[in-house]
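Below: the structure, in structure tokens.
The values are calculated or read from the model by the stated rules, or taken from the named source; none is laboratory data. Note that this is a predicted model, so its numbers are computed, not measured. Backbone-built Cβ (ideal geometry, glycine too); neighbour counts: all protein chains shown.
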Amino acid sequence: MNIEQARYNMVEQQIRTWDVLSQDVLDLLFKIRREDFVPEPRRAMAFVDMEIPLGHGQAMWTPKLEARVIQELVIRPTDRVLEVGTGSGYLTALLAADAAEVVSVDIVPEFTTAATQTLRAHGIHNASLHTGDAARDWPDEAGFDVIVLTGSTPLLSDAFRRRLKVGGRMFAITGVAPVMQAQLITCTAPGATRNVVLFETCVAPLLNAPQPAAFVF
């Protein structure tokens, strides 16, 4: 397989056609090698338009979803980022490329360990990885300019809105299968946010994501 041709085809046929037109984002996809973050047995699938299983019921997003999210969040060099769900560490690397700092949390210790090794091997040192349950919150009084939830959640915890600094952006996929909404949530003032629905999609839920209260007769 011609790796660079496959990468080019991924960008031109999958990503650009999904309204990812930022040249900075497209350039980043050539700089951060996606195949290096794919589990070895599935490396040949690195550029395919599909989710790649990681184990523990989790999967890498499709390439076009990863790129679209990076474009929507418009990461700035001063941004402090919270990523809930490290997974393979590929999205972590994309976020860290433009941010000042990335705090990434995953409930699966194996993901944290493997992603840390991969990120360090690629010279990425502004991402700190933690093992823990951040499906409802990740206590950090400094707050964040950007928050990304890489798994879906039936209900979005209000705690994440409170962690956003004014001007901060959050990407979250809310709802239940088969139809979920990808949302961009912006903090417009202390305690106030604006929600924009970007598109419909369906991804695996965060482990321990908050659930709606059951209706009891």
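If I filter the stretch 80-107 down to residues being among the polar types (S, T, N, Q) and either in a loop (DSSP other than H, G, I, E, B) or more than 19 Å from Ala135 (Cα to Cα) (or both), which single residue comes out as farthest from the chain's Cα centre (by Cα)? For the stretch 80-107, the residue satisfying everything is Ser88.
To keep it simple, each residue is scored yes or no on (1) among the charged types (D, E, K, R); (2) on the phi < 0 side of the Ramachandran plot.
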{"residue": "Leu28", "(1), (2)": "no, yes"}
{"residue": "Asp36", "(1), (2)": "yes, yes"}
{"residue": "Pro41", "(1), (2)": "no, yes"}
{"residue": "Ala46", "(1), (2)": "no, yes"}
{"residue": "Leu54", "(1), (2)": "no, yes"}
{"residue": "Gly57", "(1), (2)": "no, no"}
{"residue": "Met60", "(1), (2)": "no, yes"}
{"residue": "Pro63", "(1), (2)": "no, yes"}
{"residue": "Val69", "(1), (2)": "no, yes"}
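When Leu65 is tested against the conditions (1) without any contact (Cβ under 8 Å) to a residue 40 or more places away in the chain; (2) in a helix (DSSP H, G or I); (3) within 27 Å of Leu164 (Cβ to Cβ), the lone failure is (1).
Looking at this structure, is Pro77 closer than 26 Å to Phe144 by Cα, over 14 Å from the mean Cα position of the chain (by Cα) and not in a helix (DSSP H, G or I)? For Pro77, the condition - closer than 26 Å to Phe144 by Cα, over 14 Å from the mean Cα position of the chain (by Cα) and not in a helix (DSSP H, G or I) - is met. Could you list, ordered by first residue, the pairs with Cβ atoms under 6 Å in which the first is in the stretch 108-128 and within 18 Å of Val84 (Cβ to Cβ) and at pLDDT 95 or above and the second is among the β-branched types (Val, Ile, Thr) and part of a helix (DSSP H, G or I), at least 6 apart or interchain? Close Cβ pairs satisfying both conditions: Ala127/Thr92. As for the stretch 13-27, it holds at least one residue that is assigned to a helix (DSSP H, G or I) and farther than 30 Å from Arg194 by Cβ.
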